[in-house]
């Protein structure tokens, strides 16, 4: 497969150039090295439970967007979640500020009513 070293999207082998940014495609993506101690974390809109936040976080992970979830109300001991959570429970996903727009678009595609 071919990958864009900038956008990090995967393309079919016959594609030679990224249609979004014009970069020459590579066969392996370079490793991203980030020092997270200087990252400014910002919250996406609240979701109606940790289960939904985990669904969104899985897609953010697929797009290599660093993230963490904060439960805003109630969860089981040791952070164990069962079901969709308690009525009124909500969760927020935090992402680096420079990835907020992209992460918000992803969350809105998955959970448009959030």
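Data for the structure
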item: Single unsatisfied condition, residue 42 versus (1) over 18 Å from residue 96 (Cβ atoms); (2) touching a strand residue (DSSP E or B) at 6+ places or on another chain (Cβ under 7 Å); result: (1)
item: Selected residue [within 18 Å of residue 1 (Cα to Cα) and not assigned by TED's automatic domain parsing to the domain that holds residue 4] from 16, 70, 62; result: 62
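The values are calculated or read from the model by the stated rules, or taken from the named source; none is laboratory data. Note that this is a predicted model, so its numbers are computed, not measured. All Cβ positions, glycine included, derive from the backbone under ideal geometry; neighbour counts span all protein chains shown.
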